[in-house]
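These notes are about the structure you will find just below.
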Amino acid sequence: MKRSEELTVAYEELKKTEEYLKQYINGLEEMMFITSHKVRQPVANILGISTLLDSGTNYSHEELKKIVNYLKHSAITLDNFTRELSTFMISLERKIK
C-alpha cells in the first residue's frame, strides 16, 4: 500500500472517531441537561416535604395522607426518570456503536 493510501485510510478512521466522540459528547450533554431538570423538581419536593414533617407540627390524619401522597408522587417521578435515563443511555450506546 502506498503512503498516500495509508494516510487516506488513517484520515478516514480519524474522521469516524471524531464523529463518534461528537455523538458521545452530545449524548452526555443531553443526559446532563435532562438530569439536572428532571431530578431537581422531585428532589426539591421531597426535601420540602421532609422539612414539613420535621417541623414538629401535629398534622391531622388527612393532612398526613396528603403529605404522604405528595411524597409518593415525587418518588414515582424519580423512578420514572431513572427508567427513562436507563433507556436513553442504552439508545445512546447503540447509536454510537
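Scanning segment 23-64 for residues that are small (Gly, Ala, Ser) and either closer than 18 Å to THR77 by Cβ or not in a helix (DSSP H, G or I) (or both) yields SER36, ALA44, GLY48, SER50, SER55, GLY56, SER60. Checked against (1) under 26 Å from the mean Cα position of the chain (by Cα); (2) exposed (fewer than 11 other Cβ atoms within 10 Å of the Cβ); (3) more than 30 Å from TYR20 (Cβ to Cβ), GLY56 meets all criteria but (1). Residue check: GLU84 meets all listed conditions (1) within 30 Å of ILE25 (Cβ to Cβ); (2) surrounded by fewer than 10 Cβ atoms within 10 Å (Cβ to Cβ); (3) of a type in the set (D, E, K, R) but one, namely (2).
Evaluated against (1) surrounded by 11 or more Cβ atoms within 10 Å (Cβ to Cβ); (2) under 20 Å from the mean Cα position of the chain (by Cα), ILE67 falls short on exactly one condition, (2). TYR20 fulfils the conditions (1) free of Cβ contacts under 8 Å to residues at least 12 places away in the same chain; (2) touching a helix residue (DSSP H, G or I) at 6+ places or on another chain (Cβ under 8 Å) except for a single criterion, (1). Set side by side, the residues GLU13, GLU19, GLU5 differ, and just one is of a type outside the set (Phe, Trp, Tyr), more than 25 Å from LYS95 (Cβ to Cβ) and exposed (fewer than 12 other Cβ atoms within 10 Å of the Cβ), which is GLU5.
Bear in mind these aren't lab numbers, they're just calculated from the coordinates by the rules spelled out. These figures come from a predicted structure and were not determined experimentally. As a convention, Cβ positions derive from the backbone with ideal geometry for all residues, glycine included, and neighbour counts pool all protein chains shown.
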